[in-house]
Amino acid sequence: MKRFLLAAVFFAVLLLLWEAAFRARIWSPVLLPSPWQVASYLKNAAVDGTLANATVITMRRLLAGYFIGLVVGLPLGLLTARWKLFRDTIGTMALGLQTLPSVCWVPLALLWFGQTEAAMLFVVVMGTLWSVVIATETGVRNVPPIYRRAALTMGSKRLHMWLKVILPAALPFIVSGMKQGWAFAWRSLMAAEIFVTILTGFGLGQLLHYGRELSAMDQVIAIMLVIVVIGLLADKIFFSPIEKFLHRRWGTSQA
Amino acid sequence: MLNIIAGLEKPDSGRVLANGKPVTSPGRERLVMFQEPALFPWLNVFGNVLFGLKLKPNLSKKNRHDVAKYYLELVGLSRFERANIHELSGGMKQRVSLARALAPNPRVLLMDEPFAALDALTREQLYGDIQEIWKARRKTIVFVTHNVREAACLGDRVLLFSPHPGRIQEEFAVELPRPRDINSVDLAAYATRITKALKSLGQTAAG
């Protein structure tokens, strides 16, 4: 409770400073709207459905791409961990492509797919995939050999070994790879939405972009807030519980 | 040696026979208890003991649970069924390993210096436990150790291995009533004899 209060005070002070800066007219109100203006934009956008619409469209793109990235990346990671041939080929490629900031896929996606949903999907998949491949491979290769030997003597082999021993043993690595993949996917999708107008759907990134075009700073700040909140929620609702479970089970310290 | 019996490694020459059949791969009838507890951190204590049982065909879920509970009881850890592995002490971990190895009811239990990493007190407790379990379940146990007293305390037959190449040099039969106390005088006499043989072995190897 005390922690919650302190946090609440911190954010209240932040808002007050913002309001004070606005009232002092240090910057033009066009560049720095008041918190109330931002709040009223949020309210209007919520009421007329713009916000919900854009959020749904963005999340749909994100989740579809992320899901594909996971479904393709996990087996690829297992393959690279298992066979040298895959490690030398796909593993090396994954390592290289992972260092590429995912925004860099946007120009290529546009030329290949045009201004379509496919371009968006491609960028998100590329953002997710390589982190997942690398994390899975690292995780599998870090499984202590003794687990495998113990499982062997108890009669575990092949598929059972992979599903019941190696995958769970690698889980902490895989989850941190999934988290990184999520962060990359989120960033690359925002970049893509800001750069690319796609008539099939108006996402959060596009709202941000038009906010800038119209010099509507209240819109820009409001959408940024929404993006931050979505990121926080994803962490709290999805990743945090999984990480807590892993910490409890493995006995790794929790910050 | 133990790895070859377990089927985890292939012998350079010769072969291992179990019930007249050569051993070529790991099998449920020969379970290993390793030096470090090879328990799975993603499962709790109960899950670990269940692991081998789930791989055994023709067991109902109820059967498996009953068997797992029985062995946890046997090693005195019923209360820790739901505990996570990292919450256990070293001795408790080895007890869980023992329960896990016993649960699928192997014909032979292979123990690779399982108590080497434990403190003396815990170890002595486990000597008692293992003799009791041995009495109750009548398993063949192959126990590898560097500790002569431990060998004399637990073994019916003590086989002395020469270093490089590892060959069986001598065999001692320990004829003492059970349960044996590791600190007893009779046991010390056996231990002295074995140690002597061990020392002369070292000298021939060095000379």
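The values are calculated or read from the model by the stated rules, or taken from the named source; none is laboratory data. Treat the numbers as computed from the prediction; the structure is a model and nothing was measured. Cβ: placed from backbone, ideal geometry, glycine included. Neighbour counts: every protein chain shown.
Quick notes on this one:
- A single member of A:32, A:14, A:42, A:63 is surrounded by 15 or more Cβ atoms within 10 Å (Cβ to Cβ) and closer than 30 Å to residue A:184 by Cβ, and it is A:42.
- Look at (1) at pLDDT below 90; (2) buried (at least 23 other Cβ atoms within 10 Å of the Cβ) and you find that residue A:115 fails only one, number (2).
- Restricted to the range B:116-207, the set of strands (runs of 3 or more DSSP E) holding at least 1 residues that are among the aromatic types (Phe, Trp, Tyr) and under 14 Å from the mean Cα position of the chain (by Cα) comprises B:140-144.
- None of B:94, B:131 is among the polar types (S, T, N, Q), touching a Pro at 6+ places or on another chain (Cβ under 7 Å) and under 18 Å from residue B:47 (Cα atoms) except B:94.
- The single condition from (1) in a strand (DSSP E or B); (2) surrounded by fewer than 21 Cβ atoms within 10 Å (Cβ to Cβ) that residue B:109 fails is (2).
- Counting only helices (runs of 4 or more DSSP H) that fall entirely inside the range B:1-92 and contain at least 2 residues that are more than 14 Å from chain A (Cβ to nearest Cβ), the qualifying elements are B:61-74.
- Scanning the range A:172-183 turns up no residue that is free of Cβ contacts under 8 Å to residues at least 12 places away in the same chain, surrounded by fewer than 22 Cβ atoms within 10 Å (Cβ to Cβ) and within 14 Å of chain B (Cβ to nearest Cβ).
- Check on residue B:39, of a type in the set (A, V, I, L, M, F, W, C), under 30 Å from residue B:164 (Cα atoms) and crowded, with 16+ Cβ neighbours inside 10 Å: no
- Verdict on residue B:104 being assigned to a loop (DSSP other than H, G, I, E, B), within 13 Å of chain A (Cβ to nearest Cβ), under 20 Å from residue B:30 (Cα atoms) and in contact with a Leu (Cβ under 7 Å, 6 or more places away or on another chain): yes
- Only a single item in (1) in a helix (DSSP H, G or I); (2) within 14 Å of chain B (Cβ to nearest Cβ); (3) free of Cβ contacts under 8 Å to residues at least 24 places away in the same chain is not met by residue A:139, and it is number (3).
- Yes/no for residue A:201 being in contact with a Leu (Cβ under 6 Å, 6 or more places away or on another chain) and farther than 26 Å from residue A:92 by Cα: no
- Annotation: residue A:199 fulfils all but one of (1) out of contact with any Asp or Glu (no Cβ under 9 Å at 6 or more places or on another chain); (2) of a type in the set (A, V, I, L, M, F, W, C); (3) assigned to a helix (DSSP H, G or I); the unmet one is (3).
- Options A:232, A:159, A:163, A:207; residue that is surrounded by 14 or more Cβ atoms within 10 Å (Cβ to Cβ) and assigned to a helix (DSSP H, G or I): A:207
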